[in-house]
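Before any comments, here is the structure.
The values are calculated or read from the model by the stated rules, or taken from the named source; none is laboratory data. From a predicted model like this one, the values you see are computed outputs, not experimental measurements. Here the Cβ positions follow ideal geometry from the backbone for every residue, glycine too, while neighbour counts run over all protein chains shown.
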C-alpha cells in the first residue's frame, strides 16, 4: 500500500513529489505513460520511490490518494477504477495550497484565452507594492515556492489555472478569482462545451470566505447565472468599463469613477485591452494605487510567445504567437495585424481540439494574403479557405517557415499563430515558439549578411 500515487510526471507532479518527500516522507508511487530519464530513475531509487513507465497499471489503486497531472482526462480507465474504489483524486494544487500561510494574497485567473498575459501583467502591477510571483499553468509548480523556501519572501501568488487543473481541484484557496472569457476549447478532454464551461466557472467555488475588497471577477458575457460581484466589459454598468475613444479604463467605485489611460500600454488588440482591464481591476482591489497601476501598464512589455514582435528585417515584421493554441486566439491575432499597412502572411496549424473552424476561416479570408499550413488540423482548414486566397501546405515547419520568409516583402507581417496545440510536432508551445524564432534567424542569416532584432535594420 502506498501513501500516495502521482499519476503522470509532468512539471506539476514533479514539484508535488519533491514536496511530498520533503514534508511528509511517506511511501510514494509514480505512474507515467512517458519514458523516464536515467537521472529520474536513479533519483527514485535513491529516494525509495516506486515507479512504472509506459503504462498506468492497477498498482495505482494500491494507494490512499492520487495526485493527477492535469492533462490526464477523468475518463481514463485507471481514474474510472479509482473513482469506483473511492480513492480520492486531486490536483497538485489541492495537495500544495494548504501549506501556504494564510497571510499570502492568492489570485486565480482562468479563461480560454489571455491567461498568461493577464497573469504576468497582474503580478507586474502587484509587484509595485508587494512581492509577487506567478505559478500554475504558466509553467511553474506551486510547490517551488515551498521547496525553494521563498514563501517567507512572497506576499502575493498569481495562479494561471487551466480547466484541467480546476476540474481536479476541490479545496478553496483563492482570495480573488477571475474568469476572463470562455470560447470553445479542449472538447476532446471535456467531451462537451457545457462540461468545459462548468470546469472554468469552478474557479469561483475555489474562492475562500467572502471579502468585500477581494472579489470574483468575470467578463460581462458570463455574468448571467455566475456568482460575480465585479464585472469587466464595455458597458457603462460594468465595474470596470473599457472605452475605445479614448483608449482607457473606467473603474466605478463607491466614491465615483476613476480613470486609467491605456495610451501608454503597448500591447495591441482589443483582447489585450480586456486583459489590462482584468489585471488593473485585480491590482486596484488589492490596494495598489492608481498612480502605480498607471505606471505598471506603461512599463509592461508583454508575454513571450504571445503576439511577440521579436524581429524586424528589411521592413518585414516577424511575430511569434506560438501561445495561440485554439481558433479563437488565432482570430484575435488576425484582427490585431490585419490592416497594418502591408500584407499578412500567416503560418498556422497544429493539433485540433474538436473546434468548428467556420469563424476562423472567415477571418482568414478577410485578413490574410497567404496562408502556410502545417500540422494535423491542416486537412480540416484548407478546404475552407483555399478557394479564396493562396494556401500552401507543408509536411514540416522548416519548409513552411522558409517559404513564408522567401515570399515576404517590405511592409509585410509574418505571423506565426498556429491556432492549435503543439503536440503534433513539439512538447509544448514554448518549444514551438523558440523553434520558430530560431528558424527565422537562421533563414535570414543565410539570405543576408546581417539582420536585426525588433527596431533594428
Flag for residue 294 being at pLDDT 95 or above and farther than 30 Å from residue 436 by Cβ: yes
Any chance residue 319 is in contact with a strand residue (DSSP E or B) (Cβ under 8 Å, 6 or more places away or on another chain) and within 27 Å of residue 178 (Cβ to Cβ): yes
Meets criteria (surrounded by fewer than 17 Cβ atoms within 10 Å (Cβ to Cβ) and modelled with pLDDT of 95 or more) for residue 23: no
Answer from 206, 267, 285 - the residue that is touching a strand residue (DSSP E or B) at 6+ places or on another chain (Cβ under 9 Å), within 19 Å of residue 118 (Cβ to Cβ) and either modelled with pLDDT of 90 or more or not assigned by TED's automatic domain parsing to the domain that holds residue 184 (or both): 206
Residue match in the range 414-423 (condition: out of contact with any strand residue (DSSP E or B) (no Cβ under 6 Å at 6 or more places or on another chain), assigned by TED's automatic domain parsing to the domain that holds residue 325 and surrounded by fewer than 19 Cβ atoms within 10 Å (Cβ to Cβ)): no
Unique residue being surrounded by 16 or more Cβ atoms within 10 Å (Cβ to Cβ), more than 20 Å from the chain's Cα centre (by Cα) and within 30 Å of residue 129 (Cα to Cα) when the list is 298, 286: 286
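The rows are residues; the columns are (1) surrounded by fewer than 22 Cβ atoms within 10 Å (Cβ to Cβ); (2) under 28 Å from residue 427 (Cα atoms); (3) not assigned by TED's automatic domain parsing to the domain that holds residue 233.
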residue	(1), (2), (3)
277	no, no, no
291	yes, no, no
312	yes, yes, yes
317	yes, yes, yes
One residue from 242, 293 being outside any strand (DSSP E or B), in contact (Cβ under 8 Å) with a residue 24 or more places away in the chain and in contact with a strand residue (DSSP E or B) (Cβ under 8 Å, 6 or more places away or on another chain): 293
Wholly within the range 126-199, helices (runs of 4 or more DSSP H) carrying at least 3 residues that are under 17 Å from the mean Cα position of the chain (by Cα), buried (at least 21 other Cβ atoms within 10 Å of the Cβ) and modelled with pLDDT of 90 or more: 163-168
Criterion (surrounded by fewer than 22 Cβ atoms within 10 Å (Cβ to Cβ), under 18 Å from residue 420 (Cβ atoms) and outside the structural domain of residue 267 (by TED's automatic domain parsing)) met by exactly one of 325, 358: 358
